[in-house]
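Take a look at the structure below.
Every number here is computed from the coordinates shown, using simple stated rules; none is lab data. Computed from a predicted model, the values in this text were never measured in an experiment. Using ideal geometry, Cβ is built from the backbone for each residue, glycine included, and neighbour counts are taken over all protein chains shown.
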Amino acid sequence: VVLRSDAIPGVLRRLHDDYFVLEHNASRLQGYRTEYFDSAGLRNYHEHHNQRRMRLKVRYRSYLSSCSTFFEVKRNVDGRTVKDRRRSRQPGGRLWHDDAEFFNGLTGWDPDLLVPSLTVDYERILLVKRDLTERVTIDLGMRFHGRGCATQAEALAICEFKQPAMDQHSPAMAAVQQRPRKFS
C-alpha cells in the first residue's frame, strides 16, 4: 500500500494495541540501503515488470544500524518467491568474487553481465502482530539513485504486509484504510 508519509503517525496510533515495533539501539526507525544489480539492458527489471514466470532480483541489502550487509538473490520459481542470501559487505560498485560465485551456482548465469543499476536508501519501521502471525514494514524517506539519475519520494510511505495468507481483515489493513495492490 502506498500512503502519504504524513498519514503514518495516525496508522501507528491505530496499531498500538495489536503490534510490537522493532527497536534497535533504542530507535524504531532503521536505516537501509538496497543496491540492485542487473544487466546493462535491465533484463531483470523488464522480466519483473512483465511478470515473467522465471525472474530474478539481485541485490545487496545493508542494515545500517547494525552495520551488516547481505547479498541476496530472489527468484520467482513457478509463482513462488525463493530468496537465497549470504552475509557479505557493501559492494562498492561491483559484485564481490564470492557473491558472484554464489550467484552463478544458483542461476547458472554469468555474473560478469551484472552491473549496478539502482540504489535505494530509506528508513524502515517494522511492526509484528502480537500473536506473531503478521509483519508489516513501513518504508519512509526513500531516495533513489543510479545510472546518472537521482530522485526522492520523501512524501510517500510504502507499507508491505507479510502474512501466511492474505487477511484483508487484519488490524494493519484496517488501519491503512486501503486495499493492498502490487507495487514494485
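Projecting each Cα onto the charge dipole of the chain (Lys/Arg +1, Asp/Glu -1 at the beta carbon, about the Cα centre), which of 25, 9, 41 comes out farthest on the positive side?
41
Per DSSP H run of n ≥ 4, the term is -39500 (n - 2.57); total these for the chain, divide by its residue number, and report the mean residue ellipticity at 222 nm rounded to 500 deg cm²/dmol.
-4500 deg cm²/dmol, from helical runs alone.
Using +1 on the beta carbon of Lys and Arg, -1 on that of Asp and Glu, and nothing else charged, what's the dipole of the chain about the Cα centre, debye to 20?
Value, rounded to 20: 280 debye.
When the distances between all Cα atoms of the chain are binned every 10 Å from zero, what whole-number percent does each bin get?
Spelled out per bin, shortest first, that is 9, 32, 36, 20, 3.
Could you state the number of Å between the C-alpha centres of segment 121-138 and segment 40-61?
25 Å
If you fit an axis through the alpha-carbon atoms of helix 97-107 and take the longest principal axis of the Cα set of the chain, what angle between them do you get, 0 to 90°, nearest 10?
Roughly 80 degrees between the two axes.
Cα-based count: Lys pairs in the chain below 12 Å, eight or more positions apart or different chains?
4
What residues qualify as long-range amide H neighbours of residue 88, i.e. H under 5 Å apart, gap of 5 or more or another chain, H built at 1.01 Å from N?
HN-HN under 5 Å from residue 88: 69, 70, 71.
Rank 50, 138, 172 by how far each Cα sits towards the positive end of the charge dipole of the chain (+1 on Lys, Arg Cβ; -1 on Asp, Glu Cβ) and give me just the farthest.
50
Please report Rg (one decimal) and Dmax (integer) in Å for the Cα set of segment 81-184.
17.5, 46
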